[in-house]
Amino acid sequence: MVQNNRAFWKNYLANAQFELSIADKTKVPLTWNEINYEPDFNKIYFILDGEGFLEINGQRYLPQPGELYLLPAETQQSYGVVNENTFLKYWCHFTAKLGELHLFHILKAPVCIKSTNKPELQTIFKQLIYHSRQDSLSSEFRVHALLLPLIANILEHYEIDRLQINDNPSFKK
């Protein structure tokens, strides 16, 4: 059964569509603050330094350097600073869909991943930022190719037999 489940997910996830909106590296200002809003895009934050908070669907997090956070689209989110030592972070906004459904509405992926390979993630983000700012014919292909390992990093920390399908009447296995 686990093998059939794994084969299903591999085939199903291969059809996901991803689109990057923006990527950057930022030392957030003291004014970085938003309370209880629901963006229509996903976010990934890779914390390099500093302090602050994230709140996702009522669950509060105090991110630490080296942690990677997934903030799914259309979930209630809050974020802000806690002192003058604000976050230095790589980040990106993107969509991830299977048909018309948000990928992370179908899957309950982990919100926080403790990175085991910080230099690799930093390299991916540097290249993602660089290529997202290019106007060449190949830049969108490179951006897409770089976004996939970030998402794979999140999914690799989740056992396939632990994947949970959210209650969504549109989803049929």
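Please report, ordered by residue number, the strands (runs of 3 or more DSSP E) entirely within the range 1-114 with at least 1 residues that are within 24 Å of LYS126 (Cβ to Cβ). Working first, answer last.
Numbers: elements: 17-27, 33-37, 42-49, 53-56, 59-61, 67-71, 77-80, 88-98, 112-114.
The strands (runs of 3 or more DSSP E) meeting that bar are 17-27, 42-49, 53-56, 67-71, 77-80, 88-98, 112-114.
Looking at the range 119-143, which of its residues are of a type in the set (A, V, I, L, M) and assigned to a helix (DSSP H, G or I)? Steps first, answer last, please.
So in the range 119-143, the residues of a type in the set (A, V, I, L, M) come out as 121, 124, 128-129, 137, 143.
Across the range 119-143, the qualifying residues are LEU121, ILE124, LEU128, ILE129, VAL143.
Pairs, please: C-beta under 7 Å, at least 6 apart or cross-chain, first residue farther than 14 Å from CYS112 by Cα and in the range 38-61, second of a type in the set (Gly, Ala, Ser) and open to solvent by 60 Å² or more (accessible area, probe 1.4 Å)?
PHE41/SER21
I need the full set of residues from the range 38-69 which are out of contact with any helix residue (DSSP H, G or I) (no Cβ under 7 Å at 6 or more places or on another chain) and β-branched (Val, Ile, Thr), in order please. Steps first, please.
We begin by selecting, within the range 38-69, every residue out of contact with any helix residue (DSSP H, G or I) (no Cβ under 7 Å at 6 or more places or on another chain); these are 38-41, 43, 45, 47-65, 67, 69.
Residues satisfying the conditions are ILE47, ILE56.
Which one is nearest to THR116 (Cα to Cα), of the residues in the range 62-88 that are in contact (Cβ under 8 Å) with a residue 60 or more places away in the chain and open to solvent by less than 10 Å² (accessible area, probe 1.4 Å)?
Among those that are in contact (Cβ under 8 Å) with a residue 60 or more places away in the chain and open to solvent by less than 10 Å² (accessible area, probe 1.4 Å), it is LEU68.
For the range 114-154, give me each residue that is surrounded by 14 or more Cβ atoms within 10 Å (Cβ to Cβ) and at pLDDT below 80.
SER115
Taking into account only those residues within the range 1-60 that are of a type in the set (Gly, Ala, Ser) and farther than 25 Å from SER132 by Cβ, which is surrounded by the most Cβ atoms within 10 Å (Cβ to Cβ)? Walk me through it before giving the result.
We begin by selecting, within the range 1-60, every residue of a type in the set (Gly, Ala, Ser); these are 7, 14, 16, 21, 23, 50, 52, 58.
Next, only the ones that are farther than 25 Å from SER132 by Cβ stay: 7, 58.
Working: ALA7: 11, GLY58: 9.
Per the stated criteria, the residue is ALA7.
Could you give me the residue pairs with C-beta distances under 9 Å whose first residue belongs to the range 133-148 and is farther than 21 Å from LYS25 by Cβ, whose second residue is outside any loop (DSSP other than H, G, I, E, B) and open to solvent by 70 Å² or more (accessible area, probe 1.4 Å) wherever it lies, and which are 6+ apart or on separate chains?
From the range 133-148, the pairs are SER136/ARG142.
Checking the conditions here, which among TYR69, TYR90, TYR79, TYR61 is within 21 Å of ALA145 (Cα to Cα), in contact with an Asp or Glu (Cβ under 9 Å, 6 or more places away or on another chain) and among the aromatic types (Phe, Trp, Tyr)?
Result: TYR90 is the single residue among TYR69, TYR90, TYR79, TYR61 that is within 21 Å of ALA145 (Cα to Cα), in contact with an Asp or Glu (Cβ under 9 Å, 6 or more places away or on another chain) and among the aromatic types (Phe, Trp, Tyr).
The values are calculated or read from the model by the stated rules, or taken from the named source; none is laboratory data. These numbers were taken from a predicted model, which means no experiment stands behind them. Cβ: placed from backbone, ideal geometry, glycine included. Neighbour counts: every protein chain shown. Accessible surface areas use protein heavy atoms only, side chains included; no ligands, DNA or RNA. Shrake-Rupley method; radii C 1.70, N 1.55, O 1.52, S 1.80 Å.
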